[in-house]
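The values are calculated or read from the model by the stated rules, or taken from the named source; none is laboratory data. Given the structure is predicted, the values throughout are model-derived calculations rather than measurements. Here the Cβ positions follow ideal geometry from the backbone for every residue, glycine too, while neighbour counts run over all protein chains shown. These area figures cover heavy atoms from the full protein model, side chains too; ligands, DNA and RNA do not enter into them. Shrake-Rupley method; radii C 1.70, N 1.55, O 1.52, S 1.80 Å.
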Amino acid sequence: MQRRQFMLSGAALMQAMAADIDGAREEFPWASRETYLNTATEHPLGKGTTRAIEEYLRALTHGPDSARDKFENGRLMAGVKEMFARLVNARPSEIGFAPSTQTGENLVLEGLDVQATGGNVVTNDLHYGGSLLNYRKRRKSGMDVRIVKHRDYQMDMRDLERAVDRKTKLIAIALVSNVNGYVHEVKAISELAHAHGAYLYCDVIQAAGAVPIDVRAMGIDFLACSAYKWLMGGRFGYLYVREDLQGTALKARLFGGRSTETGASRYEISTVSHIGCVCQHQALQYIHSLGVERIQAHARPLVARLRKELPAAGYPTITPAGTESPIISFEVKDVAATRSRLKRANVVTTLSGSAEGGRMRVSVSVFNNQSDVDRLISALA
Ligand SMILES: Cc1ncc(COP(=O)(O)O)c(C=O)c1O
């Protein structure tokens, strides 16, 4: 009985501590200045994060050393790793700091010895453009790289199955595609990789903090991301490496002052971005206090309305129905005209392409509301 009471009061306490998602608009003042529907490019900083950075900068400017120490210390870094590990259901010892997503992906490619062992890598054209550039360059220098094409902006498992064989070392995907927010069938892809003795790498920069990630349930072997999108700030990132693959399947190839003998920190090289850590220490606490499920639920009706109304205004969507991410993309016939309409309405999205046609990517986070969606729709209708 006593134990039950304790657990109930623990749950009640957690609820009381949970941040109010409706209060998020206040936390991100940028949202009141313009209609910002562009988190897939970069998340605004929250006021709490800014306060922490300002305090850190004050310490760096005026000292004393003990004030700097408050921000640059192992405890803070360990706290950040623990909170990120909890976000993706990994152990803290499976998380290393990395300067960025693409650095993480390169560390995986180098550590697997793909080319030296005559292996191949399978990826697809819904992956990030910079990663595809990396794969094309590696292909030029002799790596067997297979880039599977999407069908209707989603991955057909049969196409992926045809590209994989017993020499495949790695399947590399963006869990949530930056192109259109498509969420890959990660569990099925992991099973395909493992059935061929290969591993699965996921770029989760468009997913972490926005959609639930569970490396164990999803069967993810390696993942990487930076923190400047739904992780709400910090120009640095993380590399997750499954415990039993550390130092065995995935060798550490680059070393420096931070490389350890054990754990995923063996892939770290240089001093961590302390300012990034300060941002993340604050932002991850905030994300956990909201809960990723609630963050995802907040995005759902906003995206649903865009999906329903923008095609009628002449913007067909290229994001498959049922996609559970905060990103939705549309075909745009006249990019210049769309750009000037949005500019006049003070609405920010990602627009790409030319007069011949292009795309618009709209992305939402906790600070967005239906009024933002109204403004976008009325600017384009
Ligand atoms: C899917 C995806 N991967 C990687 C990146 C770039 O990440 P980083 O700057 O951390 O290398 C982006 C940036 O927009 C992206 O959308």
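With a Förster radius of 22 Å applied to the C-beta separation of R166 and A188, the computed FRET efficiency comes to 0.75. With R₀ set to 35 Å, the beta-carbon distance separating S340 from R294 gives a calculated FRET efficiency near 0.45. Across the options T117, A283, S177, the greatest Cα extent toward the positive end of the charge dipole of the range 68-288 (unit charges at beta carbon of Lys, Arg, Asp, Glu) belongs to T117. For the range 151-200, the list of trypsin sites (Lys or Arg not before Pro) that fall in a loop by DSSP and count at most 15 other C-beta atoms within 10 angstrom reads R166, K167.
Positive contributions from Lys and Arg (+1) and negative ones from Asp and Glu (-1), summed over other residues with Cβ under 10 Å from the Cβ of V114, come out at 0. Within the assembled protein chains, the solvent-accessible surface assigned to M155 is about 10 Å², based on a 1.4 Å probe. Each residue, I147 and S270, gets one label point 7 Å from its Cα in the Cβ direction; the gap between the two is 2.9 nm. So for the range 68-288, averaging the separation of alpha carbon pairs under 8 Å that are six or more residues apart and normalising by length, what relative contact order in percent results? Answer for the range 68-288 is 27 percent. K308 versus W30, label points 7 Å from Cα toward the beta carbon: distance in nm? Here the modelled spin labels are 2.9 nm apart.
Simple spin-label estimate for T41 and S371 gives 2.3 nm between the two label positions (7 Å along the Cα-to-Cβ direction from each Cα). Taking trypsin sites (Lys or Arg not before Pro) across the range 304-374, the ones in a DSSP loop with at most 16 further Cβ atoms lying within 10 angstrom of their Cβ are K333. Extension gain for D22 to E55 (0.36 nm times residue separation, less C-alpha to C-alpha distance): 9.2 nm. Just the number, please: percent antiparallel of the DSSP beta bridges in the chain, rounded to the nearest 5. For the chain, the DSSP antiparallel bridge percentage is about 55.
For the residue pairs K47/K343; K137/K343; K187/K251, the C-alpha atoms sit more than 30 angstrom apart in K137/K343. Think of a 1.4 Å ball rolled over the protein heavy atoms: the chain then has 45 Å² of accessible area per residue. Our note on the geometry: Cα centres of the range 247-274 and the range 296-367, 40 Å apart.
Rounded to the nearest 10 square angstrom, T319 shows an accessible area of 10 square angstrom against a 1.4 Å probe.
The residues neighbouring M77, those whose beta-carbon lies less than 11 Å from its own, together hold a net charge of 0 under the Lys/Arg +1, Asp/Glu -1 convention. On full extension, the segment bounded by R158 and L133 gains 6.5 nm, given 0.36 nm per residue less the C-alpha separation. FRET efficiency for the pair N73 and A249, taken as 1/(1 + (r/R0)^6) with r the Cβ-Cβ distance and R0 = 45 Å, rounds to 0.85. Among L351, L239, L170, the largest mean-square fluctuation in a Gaussian network model of the chain (Cα springs under 10 Å) belongs to L351. Between the alpha-carbon centers of the range 163-230 and the range 49-68, tell me the distance in whole angstrom. Cα centroid to Cα centroid, the span is 37 Å. A Cβ-based charge dipole, computed about the Cα centre of the range 68-288 with Lys and Arg at +1 and Asp and Glu at -1, lands at about 440 debye. Suppose we keep just the DSSP beta bridges with both residues in the range 68-288; what percent of those would be antiparallel, to 5? In the range 68-288, DSSP labels about 40 percent of beta bridges as antiparallel.
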